[in-house]
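Just below is one structure, and these are the notes that go with it.
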Amino acid sequence: MSLLQFKKDKGMLIQHMQINLKHLIISCFLFTLVPSVAQITDYYLAKSELVENYEFMVALTEENVIGAYKLVDISYKILAENLEIEMQNAFIPFLSAYKEVNGKVKDIDLSKLKEKLGEDFELYIINKEGVIIHTTFLKDQDLDFSKVAPDFNKKLQKIREKGGYQGDRITSTIKTGEVRKFGYWGTSDKQYILEIGISSSKFDSSLKEIDLSKITKSFEEFNPDLKSVTVFNGDGKIFNNPDFNPSKEQIINVKKVFVTGEKFQIMRYPKSERIIYTKVDIKDEASASHGDKVIELVFDTTSFDEKLNEIVMEQVLVTTIFTLVGGVVSLFLHKVLKF
């Protein structure tokens, strides 16, 4: 064999080895890349499914809580309607007493009227400014609706201007939170509003069966991530719980949602909490007050975050393993071919 032929054969061998090495490197790269891409795709699919399921449970829980409140409100309305005749009859002696004093409302013996009607009744007289100027329920004496409930006071003044009877729903008193059925009567001279409240002893047993706080407990069992449900009035106070002190942030959020009607969410990552404020609209033009509320739902995102982290760690581990294996195989084949 000539020297020229030997060099030619050697060159072809080296070129062939380079081609094989190139093919092997590409194959190892693909061996690493393809599974990695597949794992990334799996990660996004798993994450998307987890988020979708979580959002579905949140939306379903929110829908169920709103439905429960509406059911409670309907039950309250039925109870209130059952007391309408008794309420209107109670106004008969109240109106007679008002006529007897010729507008001097302080001369009305409300205590005597209450004795006649019964202990379940409380009587109030409200003036043009929205102030309770005379009542059997001393805790509400001098209560100024224009300051504590300006929107409600506007409705009261319309009752005064129109005159006659206006029934109301079962609701709680502002200062004590006691639940009562209320009714109002605008005097014929359009000077005052006579008000009667029937205490909850008339319907205590029924109220216990439709207690929203008890009903919402079942939702916490249905969705373990639900930490709490709070039903706010439009002013940030809680129905039947005047001792509850809302934070400034809660009051701002409640008022915002109550006015705009738009749902509002807050994510508190350090506390692993997701807070949702949503308004419940209750159509009840027949009542003096409205039943609209803002519901605050607090969800614990710890479980969701842990599951998401598990998916991330699993994908990182699998991708790392494929990368290491691909790298080891590449080095091994490179040494073999070089040898």
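Work out the FRET efficiency for Gln265 and Thr41 from their Cβ-Cβ distance, taking R0 = 51 Å, and round it to the nearest 0.05.
On the way: r = 30 Å, r/R0 = 0.58.
For Gln265 and Thr41, the calculated efficiency is 0.95.
Would you mind checking the radius of gyration and Dmax of the range 84-200 based on alpha-carbon positions, in Å?
For the range 84-200, the Cα-based Rg and Dmax read 12.8, 34 Å.
Taking 0.36 nm per residue of sequence separation and subtracting the Cα-Cα distance, how much length would be gained by fully extending the chain between Glu115 and Ile92, in nm to one decimal?
Numbers: separation 23, 0.36 × 23 = 8.28 nm, distance 1.46 nm.
Gain on extension, Glu115 to Ile92, equals 6.8 nm.
Relative to the present Cα-Cα distance, how much length would full extension add between Ser146 and Glu220 at 0.36 nm per residue of separation? Mind showing how you got there, number by number?
Numbers: separation 74, 0.36 × 74 = 26.64 nm, distance 3.82 nm.
Net length gain for the segment: 22.8 nm.
Order of Val65, Val105, Val259 from fewest to most other C-beta atoms within 10 Å? Spell out each step's value before the answer.
Values: Val65 23, Val105 19, Val259 11.
By the 10 Å Cβ count, ascending: Val259, Val105, Val65.
With r defined as the distance between the Cβ atoms of Val101 and Lys158 and R0 fixed at 35 Å, what FRET efficiency is calculated, to the nearest 0.05? All intermediate terms of the calculation are to be shown ahead of the outcome.
Working: r = 25 Å, r/R0 = 0.70.
Rounded to the nearest 0.05, the efficiency is 0.90.
Counting each pair of different Cα atoms once, what's the Kirkwood radius of the range 32-146 in Å, rounded to one decimal? Walk me through the numbers on the way to the answer.
Values: mean 1/r = 0.0505 Å⁻¹.
Value: 19.8 Å, from the Cα pair sum.
All of the numbers you see were taken from the coordinates with simple rules; none came from a lab. Here the structure is a predicted model, which means the values were calculated and not measured. Glycine gets a Cβ as well: all are built from the backbone with ideal geometry, and neighbour counts include every protein chain shown.
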